[in-house]
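A short worksheet on the structure shown next.
The values are calculated or read from the model by the stated rules, or taken from the named source; none is laboratory data. Treat the numbers as computed from the prediction; the structure is a model and nothing was measured. Ideal geometry is used to build each Cβ from the backbone, glycine not excepted, and the neighbour counts take in all protein chains shown.
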Amino acid sequence: MRTFALAGNPNSGKTTLFNALTGSTAHVGNWPGVTVDKREGVYKGGREHVNIVDLPGIYSLSPYTPEEVIARNFILNEHPDGIINIVDATNLERNLYLTTQLLEMDVPVIIALNMMDAVGKAGDKIDAAALESRIGVPVVPISALKETGIKELMQRAVNMPSTRRGTTVLGGRLAQPIRQAEEFCRQQELSSPVFHALKLIEGDELELEGREAKAEAEKIRASFGDDLDAAVADERYKYISANFSTAKVKAAKPVQSKSDRADRVLTHKIWGIPIFIVILFFVFHLTFSENLFYLNGFTESQAWMPTMEDLGYGQTLGDSEIYSNFGIALAACFYDGAVFSPGVILTNLLNLVLNYISYGIGLGVEAAGAADWAASLVNDGIVGGITAVLGFLPQILTLFLFFSILEDTGYMARVAFILDRIFRRFGLSGRAFMPMIMGFGCSLPAMINTRTLADEKERTATIRVIPFFSCGAKLPILTAIAGGICRVWGFDNVDLITYAMYLLGIITAIVSVIIMRSTTMRGETPPFIMELPAYHVPGLRNLMLHLWDKTKHFVKKAFTIIFASTVLIWFLQSFTWNWTFIGADSMQSSILASIGQLLQPIFTPLGFGSQLNEYGWVFAVAAITGLIAKENVIATFSVLAAMLVAGFEGTEEGVEEAVVMINATGITWPALIAFIMFNMTTIPCFAACATAKAELPKGKFRWTVLFWIVTSYIVGAVCYTVLSWWWTLFIWLAVAAVFATIVILKNRGKIKLPSLRRKKRA
């Protein structure tokens, strides 16, 4: 099976084309030795199947970034059967810079002239045939988003000659040094000698690794000057401007695009940020709210709509009635005193199905006459833990869907642009926004995305605060405990607590960045330059494929890490150190209880430590298990609730689990707020930690782990003390003022503090 590589600039539509070509056959891994995504799939739309490799988005083939090195090495070393070069037709001259480099390789090249629909809407025209004649390789107009021209593209690709000799568009004063360098490369028996020759005279660090190559480069520079690298770049742009710009005919009267008109409002220097805040509010509201658009009032005291119980149908969700009256239970998924948001509706529907499954498994275990320990393992350990986590999958995917839509439309790039002037006040550029906003979905890709940040200090600071933007895995903790607080203490608005916790996480991130950029990571904020793609309707196919990848990741995690964790929690809870199986009445003698009681005093300043009653250790245990995977917190609650309450049946959002824990431990609501914030800001899951270790500079990971621990502990302590005793706010403000004063004096050279770093031995 032949292999074709997709190469192109970022935002050229390369990923969209890859999804259109490969569909469900695509799979994602990592390139050997690095954590950059490797996307690969099979195109099955032609006479023969073709393997498609999606190279990282690059602007050139110079070794400035890991992505450029990966793309370069793959083409030179793996020898694909052809390169499909995706060119953004709306930015022809800029995109063709990479094209001129690809043409210098001994690999067949075909150009996919993408976004031709946008060119037509602007009233412009591009003569693809004329462009093909001048470049000397096939040029096919396409629209990856609308999937037009793709079949013709692949037909011409598979019909290309199997071999091609690289050529260069450069000449003039560069002709002689290129010939000299090319002759040297041919003597060294290098493939793609033209490409290597250009890189040699540019002083490319990968080309100068050998002693002979370095000597040859010095000889050429001595003969023709040291500015050859700058001359090469200049000549490329001059050639493109002179020969290819005429292929694009501008409209006689320029038509203002829809993107330009939209940007006049959405990127406005005054209204841009409020609009983004409103959009972000609706994203979270449509995901979490149990009172859609507040049709039933802003608080429970204002409610006027009848509940299902008021209508005479009783409590249905999570109750045994659901097994005899499916119709009522189904209706209650959409309405129960208020119209639910889409995210809540989907969650209710899934939980209804999971309730049926759990009920059926329970009946099966009972009918089989299983031993007490076996029945407890299946019902409480396995089924209870897994279903408690899977029940949150719809809301996680709903949230991620909204963010994917905003990103695919091109709006997220605008948000990064308008937030740049705010971020600069905190020592970051607008480019840091994208990894941070991705953190709401998952910390892993968010940390990887920080590679777009060139400044090492900015990148390190961003990685450290990404976990504070609560990912989908932390969502169960937030919604379950917020619901439990409202249920037990009669608070009116669950949404208010949810939004406040997200906001507090963002504030923690801002304060942390300010502290880091004022102390250990001082430095100039790098400039922010970003291309703004045209607005477009997101492709349903791409969105679904994106969500499918996330679903697979979450389900795999649920049935591996979380499955193992819930079984382990059940085992530790159900057995003593003498390996004797015990029931709920003897929980205090379990292995888990003894471990929890040992750790419990650590969390006393946060409100969920030694001040709680005999079952208070469950919060310490839940916080520790959450370090493996944040979903484990509610899974732990589910297992322990089943042990504490005979015949326990959880409900949607894990609220019943939280209520059982509250009633069993005597914990206060300020301590619960502290518990939420501790879990939202502490060490992320093991997978995120592994990613952070790979992405951070050497020696920074240990300090990052310490930073997460200290920050989460301080945030939790502040929340608990201030919410319990309001006057402690002034104490914390005084501590902050003293700290700020010390930092200012140190930065001005007024005082000198001892360094925490080890001095290297001479």
Q: Report whether or not Glu207 is within 40 Å of the chain's Cα centre (by Cα) and over 26 Å from Asn243 (Cβ atoms).
A: yes
Q) Checking Thr704 against (1) modelled with pLDDT under 85; (2) under 23 Å from the mean Cα position of the chain (by Cα); (3) of a type outside the set (Asp, Glu), which test does it fail? A) (1)
(Q) Need a quick list: helices (runs of 4 or more DSSP H) entirely within segment 331-402 having at least 3 residues that are touching a Lys or Arg at 6+ places or on another chain (Cβ under 7 Å) and either surrounded by fewer than 22 Cβ atoms within 10 Å (Cβ to Cβ) or modelled with pLDDT under 85 (or both). (A) none
Q) Considering Thr168, Thr163, which residue is farther than 25 Å from Ala222 by Cβ, surrounded by fewer than 23 Cβ atoms within 10 Å (Cβ to Cβ) and over 33 Å from the mean Cα position of the chain (by Cα)? A) Thr163
Q: Within segment 583-596, count every residue that is surrounded by fewer than 17 Cβ atoms within 10 Å (Cβ to Cβ) and either within 36 Å of the chain's Cα centre (by Cα) or in a loop (DSSP other than H, G, I, E, B) (or both).
A: 2
Q. Is it true that some residue in segment 524-537 is part of a loop (DSSP other than H, G, I, E, B) and acidic (Asp, Glu)?
A. yes
Q: Starting from segment 57-69, keep only residues that are surrounded by fewer than 18 Cβ atoms within 10 Å (Cβ to Cβ), then list their pairs with residues that are of a type in the set (Asp, Glu) and in a loop (DSSP other than H, G, I, E, B) whose Cβ atoms are within a distance under 7 Å, requiring at least 6 positions of separation or different chains.
A: Pro63/Asp204; Pro63/Glu205
Q: All but one of (1) within 22 Å of Ala461 (Cα to Cα); (2) assigned to a helix (DSSP H, G or I); (3) modelled with pLDDT under 95 hold for Ile683, so report the exception by its number.
A: (2)
(Q) Give me the residue from segment 5-51 that is β-branched (Val, Ile, Thr) and either farther than 27 Å from Leu532 by Cα or not assigned by TED's automatic domain parsing to the domain that holds Pro80 (or both) and, out of that set, modelled with the lowest pLDDT. (A) Val34
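A quick yes/no check of all residues on (1) at pLDDT 80 or above; (2) assigned to a loop (DSSP other than H, G, I, E, B); (3) not acidic (Asp, Glu):
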| position | (1), (2), (3) |
| --- | --- |
| Ala509 | yes, no, yes |
| Leu545 | no, no, yes |
| Asp549 | no, no, no |
| Thr566 | no, no, yes |
Q) For segment 565-582, what are the residues that are without any contact (Cβ under 8 Å) to a residue 40 or more places away in the chain and either closer than 23 Å to Asn379 by Cβ or within 33 Å of the chain's Cα centre (by Cα) (or both)? A) Leu568, Leu572, Phe575, Thr576, Trp579, Thr580, Ile582
Q | Number of the exception - Glu218 against (1) under 19 Å from Leu96 (Cα atoms); (2) assigned to a helix (DSSP H, G or I) | A | (1)
Q. Going through segment 485-507 one residue at a time, which ones are more than 17 Å from Ala674 (Cβ to Cβ), of a type in the set (Val, Ile, Thr) and modelled with pLDDT of 85 or more?
A. Ile506
Q) Considering only residues of segment 454-484 that are closer than 18 Å to Lys630 by Cβ and outside any helix (DSSP H, G or I), which is nearest to the chain's Cα centre (by Cα)? A) Cys471
(Q) Among the residues of segment 105-126, what is the count of those that are over 36 Å from the mean Cα position of the chain (by Cα) and within 21 Å of Lys238 (Cβ to Cβ)? (A) 1
Q: Could you please find all residues in segment 661-676 being part of a helix (DSSP H, G or I) and surrounded by fewer than 23 Cβ atoms within 10 Å (Cβ to Cβ)?
A: Ile662, Asn663, Ala664, Thr665, Trp669, Pro670
(Q) So, in segment 408-453, exactly how many residues are surrounded by fewer than 19 Cβ atoms within 10 Å (Cβ to Cβ), of a type in the set (D, E, K, R) and within 17 Å of the chain's Cα centre (by Cα)? (A) 1
Q.
Would you confirm, using the coordinates I've provided, whether Leu696 is without any contact (Cβ under 8 Å) to a residue 60 or more places away in the chain, closer than 30 Å to Arg451 by Cβ, surrounded by fewer than 22 Cβ atoms within 10 Å (Cβ to Cβ) and among the aliphatic types (A, V, I, L, M)?
A. no
Q) Are there any pairs, at least 6 apart or on different chains, whose C-beta atoms fall under 9 Å, with the first in segment 477-491 and at positive phi and the second part of a helix (DSSP H, G or I), and if so, which? A) Gly490/Glu300
Q: Could you grab me the full set of residues in segment 651-675 that are of a type in the set (A, V, I, L, M), within 26 Å of Leu349 (Cα to Cα) and touching a residue at least 40 places away in the same chain (Cβ under 8 Å)?
A: Val655, Ala658, Val659, Met661
